[in-house]
Structure formats: C-alpha cells, structure tokens
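Colleague: Handing you this structure, nothing more for now.
Values quoted throughout were computed directly from the atomic coordinates according to the rules given, and no laboratory measurement underlies them. Since the model is a prediction, treat every value here as computed from it, not as a measurement. A quick note on method: Cβ atoms are made from the backbone with ideal geometry, for glycine too, and the neighbour counts reach across all protein chains shown.
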Amino acid sequence: MAVRTKRAGRLASGFAVCAVVFGCTPAGPSPVRMQGDVTFGGQPLTNGTIILTPVEGTPGPSTGGGVTDGRYDIPADKGPVSGGTYRVEVTALRKTGKAIPNMFDADKKPVELSEQYLPAAYNTQSALKVTLPPSTSRIHLDIPLASDGSAVTLSPR
C-alpha cells in the first residue's frame, strides 16, 4: 500500500513540475472567447440572447450571452470549447402593446406583454449547428438570420 502512495505522490509532483516549468496543462478542449454579429433580415438584432448547447459528444454545459445592437461577446471563462459542436439558439423579444394586470403588484399596475418575434427555426426548433475550430483561443461567428426562418450557414473564423 505504501508503494502506491509514494507512486501517486511522485506522479502528482511530476505533473506539478510540468505545469510550473513547462506550462503544461491537462489534455482536452479548452473554453474560448466567442464573439460576432447577429442580424435578422439584414438588420442588426437590437436585443436578444444566444445559447450554445453542446451536441455530438461535446463536453460541458450550455453557454451563451446577450446580444446588444447586433453584437455578442462570450468571454473565454464562460465560452464554448474549441473543437466542439453546438446547437445554436437565438431569441429576441419585443413589446406587443398589450397589457395584463400584474397579480404580484399590490396596486395591480399592468404589465406590458412581450413576444418572441424570431422564427422558431432559430430558437425552440433550432436546427442551427456549428462546429468550432480546434486549437484556438478566440472565435468570430456571425449569425445572419433570415426573416422568413430559412436555413442559414454558420461559418466560424
């Protein structure tokens, strides 16, 4: 039993030396910064959300971020992994002009309703998929959504 403990200690020491001296890191995909432009019908998407869900064996949780004035920027510490494949969803809400009473407000002040205005083909029924390049620290991915909900090609660079 003591032999295993000494061997495990030597292995751990070896990994520590590798990391400190040579900058070694554990093998495997690493998260990357991802940014780009999002348009809908050729116009910048004013406000929205992008969600990246790993598929096809890609490790990690879903990630994403906000879209403001047609741009999004997901920092590396929250980003997708390089070489991974992701289902892409984009959502955007707009005010409908309709209001309902707010049951949670003592004064019952009305709340204006919002609706998802992007076609379901880009969110709840999204078939958008992207495979990210391996061995990179930053990815630029523009997302050009067509107003009719037709298929679009996503090409990271």
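Colleague: When the chain is fully extended, how far beyond the present Cα-Cα distance does LEU154 get from ASP69, taking 0.36 nm per residue of separation?
Modeller: Here the answer is 28.6 nm.
Colleague: Two decimals is fine: what is log10 I(q)/I(0) at q = 0.29, 0.33 Å⁻¹ for segment 81-126, from a Debye sum with one equal scatterer on every Cα and no solvent?
Modeller: Computed log10 I(q)/I(0) values: -0.95, -1.06.
Colleague: Evaluate the distance, in nm, between pseudo-label points positioned 7 Å from the Cα of ARG94 and of LEU113 along their respective Cα→Cβ axes.
Modeller: So the label points at ARG94 and LEU113 sit 1.6 nm apart.
Colleague: Given H placed 1.01 Å from N in the peptide plane, which residues other than close sequence neighbours of VAL111 have an amide H under 5 Å from its amide H?
Modeller: ILE100, ASN102
Colleague: Then there is this: Using Cα centres only, tell me the gap between segment 50-98 and segment 112-157 in whole Å.
Modeller: 9
Colleague: How much length is gained on full extension from ALA146 to ASP77, taking 0.36 nm per residue of separation minus their Cα-Cα distance?
Modeller: Using 0.36 nm per residue and subtracting the Cα-Cα distance, I get 21.8 nm.
Colleague: Hey, got the Cα dimensions of segment 54-157 along the principal axes, in Å, largest first?
Modeller: Computed over the Cα atoms, the extents are 56, 32, 27 Å.
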